[in-house]
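Comments concern the structure below.
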Amino acid sequence: MTTTHSTDGWPAAVHLLHGLGRALPLGETQDATWLFERAATTELRRAGATVPGTAPGRLRIDLADPDTAGVLAVAAPPSALPPGPLRIDGEFAALPGEPLPALADQLRRVLLACAADRLGLHVTEVNLQVTALLESADASPVASTPVEVLTASPNHEAAFTTVTVPGVAHLTRTLGSPVTERRGHLRVEIATAAGHHPLHVARDVRRAITATLPSGTAVSVMITAVNVTD
């Protein structure tokens with residue numbers, strides 16, 4: 001199936017500048033919600049670090065099968081992937097002498113569970129490769145890079161509505177403004193708080209905003225960071 005990627009005029013250079021990666025579809029097509037790749041891989045790596053004898057390294061998320069991907073329901077953010085099952089390609093280090101197939105299987109299960117239960121990503125494949133050996137159980141060959149997120153204050157009716165939704169840590173402005181409205185489409189950009197499921201928060205945000213808008217206005221949500229504690 002051929003898919004189309006509409007950025008609705010949002011500058012693709014912005015998300016590349018901030019190093020947040022591609023925008024991953026979250027939930028179902030009708031959810032019109034995306035999660036930045038860097039935020040997702042940070043959480044996945046944190047979950048994978050709980051597997052004894054392993055240290056997750058670089059992770060990459062892409063469509064499992066581009067030919068079966070769906071069509072974007074609303075104008076998408078820059079480099080957004082269309083809806084469809086996802087695949088994680090990753091690297092990890094392991095302690096010498098550990099059974100590598102068993103470690104990989106355990107790490108794969110943890111990553112799949114984190115993607116589904118903590119993030120709401122529809123991941124169907126996890127491909128892992130051992131790229132290094134650890135000198136000790138505490139060693140880690142790849143350090144997690146903090147996600148830089150530009151916070152913002154409410155300056156739009158939809159923004160004021162958004163910050164009242166439980167689970168919204170704060171508004172962000174990675175794509176220029178926390179709220180963008182044009183041609184019958186409104187996009188809001190947020191970070192979600194620790195202890196709250198990103199997809200559930202996004203759905204609540206969409207419901208809250210939709211209730212204040214004229215009928216027919218499409219609402220989408222961009223999540224730039226998750227598990228925010230401050």
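Distance between the C-alpha centers of the stretch 195-210 and the stretch 20-64? Whole Å please. Value for the Cα centre distance between the two parts: 19 Å. Carbon-plus-sulfur accessible fraction, the stretch 77-230 (probe radius 1.4 Å, protein heavy atoms only): 50%. Take the Cβ atoms of D105 and D65, set R0 to 22 Å, and the FRET efficiency comes out at 0.45.
Mean silhouette area of the stretch 143-230, derived from the convex hull of its C-alpha atoms and averaged over all directions, reads 5.8 nm². Normalised by 2.2 N^0.38 Å, where N is the number of residues, the C-alpha radius of gyration of the stretch 36-133 stands at 1.14.
Between E125 and T50, full extension at 0.36 nm per residue minus the direct alpha carbon distance yields a gain of 25.0 nm. Residue ranges 206-219, 185-198 sort as 185-198, 206-219 when ordered by packing (mean number of other C-beta atoms within 10 Å per residue, highest first).
Here A211 and E98 are evaluated by their C-beta separation; at R0 = 45 Å the FRET efficiency comes out at 0.25.
The values are calculated or read from the model by the stated rules, or taken from the named source; none is laboratory data. What you see is a predicted model; the values in this text were computed from it and never measured. Glycine also receives a Cβ, built like all others from the backbone with ideal geometry; neighbour counts cover every protein chain displayed. Heads up: the accessible areas ignore ligands, DNA and RNA and are worked out on the full protein's heavy atoms, side chains in. Shrake-Rupley method; radii C 1.70, N 1.55, O 1.52, S 1.80 Å.
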